[in-house]
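I have placed the structure first, in the form of structure tokens, so that the comments after it can refer back to it.
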Amino acid sequence: DPTSNAWSTLSNLPGSRDHALAVAIGDDFFVTGGFPNNGMGDQTNNGWRYIESENRWEAVAELPRLAAGGGTALNGYAYFSGDTGQIGQFDPRLRRTRLITGDAESERRDHSQLIAFMGELWMIGGRSQTLGESNRVSIFDPASETWRAGPLIQYSRGGFAAATTATHIIISGGEVIFSGNTRV
């Protein structure tokens, strides 16, 4: 709480996950996917919605099961990207998910970031086991349902942070584990 400069302990997520994805839409906070973490907790549900007023989690089976990507909100929908290159679009009002096939540049790209920027979805960087880290950007336009290549980022990377302002994309950190077929 920034007003009181204090932290609160919230209810634990029902199922532990590694590389889960999270998105906030209005007062709702959704966590989905990831890889089961040592079989601890509820591993039967795809995801959960946090209900702040009751400090509890509600299972949301309709959330997509994706992992090792990013999550963002755009136009009232939650979008999640995973290690398959697909994007899961979740409609919280109707509780429906649809999968959007990735473009050729986004296929099998894990540890990328998915951000909403200027009304589009930008899948940035990431890695594949065969090609290593990527500096590619793939842009999905929800209005036309089409993909196009975006500007390359300066350095290839995976596992980084990305954020936006009204006019800029900010990328920070990251890692390089693979360089082509060679682990570094």
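Looking at segment 82-184, what strands (runs of 3 or more DSSP E) fall wholly within it and have at least 3 residues that are under 20 Å from G47 (Cβ atoms) and either without any contact (Cβ under 8 Å) to a residue 60 or more places away in the chain or touching a Cys at 6+ places or on another chain (Cβ under 8 Å) (or both)? Give the steps one after another, and end with the answer.
Values: elements: 87-91, 96-100, 113-117, 120-124, 137-141, 146-149, 161-164, 169-172.
Of the strands (runs of 3 or more DSSP E) lying wholly inside segment 82-184, those with at least 3 residues that are under 20 Å from G47 (Cβ atoms) and either without any contact (Cβ under 8 Å) to a residue 60 or more places away in the chain or touching a Cys at 6+ places or on another chain (Cβ under 8 Å) (or both) span 87-91, 96-100, 113-117.
Tell me, please, whether a residue that is among the small types (G, A, S), within 22 Å of V31 (Cα to Cα) and either open to solvent by less than 70 Å² (accessible area, probe 1.4 Å) or under 17 Å from the mean Cα position of the chain (by Cα) (or both) can be found in segment 140-151. No, segment 140-151 contains no residue that is among the small types (G, A, S), within 22 Å of V31 (Cα to Cα) and either open to solvent by less than 70 Å² (accessible area, probe 1.4 Å) or under 17 Å from the mean Cα position of the chain (by Cα) (or both).
Could you check segment 53-76 and list, in sequence order, the residues that are in contact (Cβ under 8 Å) with a residue 40 or more places away in the chain and part of a strand (DSSP E or B)? So that I can check it myself, show each step before the final result.
Taking segment 53-76 first, the residues in contact (Cβ under 8 Å) with a residue 40 or more places away in the chain are 55-57, 59, 66-76.
Result: R56, W57, A59, G71, T72, A73, L74.
The values are calculated or read from the model by the stated rules, or taken from the named source; none is laboratory data. None of these values were measured; they are calculated from a predicted model. Virtual Cβ from ideal backbone geometry, glycine too; neighbours counted across all protein chains shown. Surface areas here come from the heavy atoms of the whole protein model, side chains and all, with no ligands, DNA or RNA. Shrake-Rupley method; radii C 1.70, N 1.55, O 1.52, S 1.80 Å.
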